[in-house]
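One structure is given below, encoded as structure tokens.
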């Protein structure tokens with residue numbers, strides 16, 4: 001089996017994964033959101049964003065493989081690229097999906113052993129979940145309108161693994177909600193993600209005025225939404241966070 005020598009990644013967390021699998025020298029293109037690790041991606045050509053890649057630039061590079069994601073990238077872009085290029089489409093809605101993607105990318109690119117070692121490290125962190133009582137939670141990702149995460153998302157899967165019950169787990173994808181609805185749900189915790197909306201202290205205070213009996217915390221969105229190699233450090237930090245909030 002021949003392995004790709006030139007890879008373009010249109011998924012930030014998977015660009016980082018490629019580098020951590022020892023494949024950084026094969027990356028010939030990335031999105032402007034592919035920012036980790038900074039010292040290793042800064043010299044990789046940018047081919048646009050996740051939702052608006054410059055297809056002409058990608059075709060000019062003539063990569064052996066383009067790595068995409070069903071949620072991160074637009075279907076029409078993937079279809080156009082697939083006409084003449086080898087495109088891998090990842091579909092990640094759970095932790096297990098993310099582990100499978102690591103394995104598939106490692107195998108496809110000639111780094112299967114490295115991928116297996118990485119998966120074992122991630123599973124070790126998953127096995128270290130502190131034995132804390134369940135808490136109900138709403139995880140907010142946007143304001144104006146307020147948006148949260150449903151039960152068919154990777155973030156929901158992470159919350160569930162750490163015994164945090166998503167009060168919007170019966171809904172799909174990223175539902176729009178109101179503070180009145182959030183008040184009715186009355187979760188134990190509200191987590192304000194650092195991305196994609198950059199929540200600040202003033203937003204935390206805004207919610208606290210409506211839900212004074214609910215604990216509102218700012219969290220690093222990369223802990224809960226970046227899959228790939230970042231899962232190792234993210235899950236380690238969530239383990240500590242889970243102990244701290246109980």
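Coordinate-derived values only; no laboratory data. Since we're looking at a predicted model, the values are computed, not measured. Positions of Cβ are generated from backbone atoms using ideal geometry, with glycine treated the same way; all protein chains shown enter the neighbour counts.
Descriptive notes on the structure:
- A simple spin-label model places the labels of residue 121 and residue 76 4.0 nm from each other, with each point 7 Å out along Cα-to-Cβ.
- Beta bridges per DSSP with both ends in the chain, % antiparallel, nearest 5: 20
- Region 146-163 versus region 14-33: alpha-carbon centroid distance in Å: 26
- Counted by neighbouring Cβ atoms within 10 Å, the residues 62, 38, 165 run from fewest to most as 38, 62, 165.
- Here the label points at residue 2 and residue 170, each 7 Å from Cα along the C-beta direction, are separated by 5.4 nm in the simple model.
- With contacts taken as Cα pairs under 8 Å at a separation of at least 6 residues, region 135-244 carries a relative contact order of 26 percent.
- Rounded tilt (10° steps) of 201-210 against the dominant C-alpha axis of the chain: 40
- Segment residue 56..residue 180, full-extension length gain: 40.0 nm, with 0.36 nm per residue of separation and the alpha-carbon distance subtracted.
- Computed extension gain for residue 107 through residue 237, at 0.36 nm per residue and net of the alpha carbon distance, reaches 44.0 nm.
- Relative compactness, region 135-244, computed as alpha-carbon Rg over 2.2 N^0.38 Å: 0.98
- On Cα atoms only, tilt of 95-108 relative to the major axis of the chain in degrees: 10
- Crossing angle, helix 112-126 versus the chain [Cα axis fit, 0-90 degrees, rounded to tens]: 10
- Distance in nm between pseudo-label sites at residue 46 and residue 213 (7 Å out along the Cβ direction from Cα): 4.8
- Measuring nothing but alpha carbons in region 88-173 and taking Rh as the Kirkwood radius, the Rg to Rh ratio lands at 1.06.
- Once the mean of 1/r is taken over each pair of separate Cα atoms and inverted, region 15-165 shows a Kirkwood hydrodynamic radius of 17.4 Å.
- Alpha-carbon centroid distance for the pair region 37-102 / region 197-246, whole angstrom: 28
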